[in-house]
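Notes for the one structure printed next.
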Amino acid sequence: MTDTQCPNLLLKNRVLITMRYISVFLLNSKSKTGETFSPQELHRQKCKQLRDIHFAVRSRDVSMWGPRSGQALAKAVFVLMSSQLILFYYLQDSSIYPSEPLRDFWHWFPALASVGTFLLAWLCSGLPRDWSTLLDTRLAEYSPVNVDAYKKLQRRTQDLNELRGYLILEWLGQERESLNLSHTVAPTSKFWNKEL
């Protein structure tokens with residue numbers, strides 16, 4: 001059978017493949033524990049953690065969505081756009097519709113799928129509801145290079161009884177500087193290491 005002889009089978013296969021990619025996108029990637037990292041990989045990982053802390057500080061100040069709601073909304077919009085594109089591309093021909101009563105369902109399917117995705121992502125997300133809790137968690141998980149600056153940040157935020165953004169940004173600058181100073185790579189030039 002060719003693709004033109006069986007449009008419903010072709011549509012079914014394409015929809016299944018697209019839904020598989022969407023489900024892979026919706027899964028959260030978790031980091032494995034107990035791994036050993038090279039110095040370069042450890043430096044990259046610490047830089048990523050610092051970027052995440054910086055993003056949480058900035059988002060807490062300007063975002064109207066919490067991390068859980070924002071992630072759920074992004075996934076719902078992705079499903080809405082994807083399902084709209086699938087319906088627009090694959091269902092242009094009226095002969096592909098299975099039957100007349102299902103036409104209304106296919107028109108409402110993107111909206112229903114995006115609402116379902118939002119609810120499912122919001123309920124199953126491992127992220128907290130507000131940015132302050134996420135920021136506190138990210139700061140607690142981070143193992144600092146500059147321990148003195150980290151302890152100073154702890155003392156100053158305990159005295160104020162809140163995580164102030166300007167204090168965290170000041171600490172981030174000190175930590176990035178310490179991290180860059182501690183990350184020195186030995187030269188690997190063959191010319192420099194050549195003995196005469």
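We did not get these values from a lab; they are worked out from the coordinates using the rules stated. Because the structure is predicted, anything quoted here is derived from the model rather than measured. Note: ideal-geometry Cβ built from the backbone for every residue, glycine included; neighbour counts use all protein chains shown.
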Kirkwood Rh for segment 46-92 from C-alpha pairs, in Å, is 12.9 Å
Values of log10 I(q)/I(0), in the order q = 0.13, 0.18, 0.28, 0.31 Å⁻¹, for segment 110-168 under a Debye, Cα-only, solvent-free model
-0.51, -0.71, -1.19, -1.28
Modelled FRET efficiency - R0 25 Å, S143 with F191, Cβ distances, 0.05 increments
0.10
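Once R0 is set to 22 Å, what does the formula 1/(1 + (r/R0)^6) return for the Cβ-Cβ distance between K48 and Q154, expressed as a FRET efficiency to the nearest 0.05? Mind showing how you got there, number by number?
Numbers: r = 22 Å, r/R0 = 1.00.
According to the calculation, E is roughly 0.50.
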Scoring only Lys, Arg, Asp and Glu (+1, +1, -1, -1) among other residues with Cβ under 15 Å from the Cβ of D130 yields +2
Please give the net charge around R164, taking every other residue with its beta carbon less than 11 angstrom from that of R164, where Lys and Arg add +1 and Asp and Glu add -1.
-2
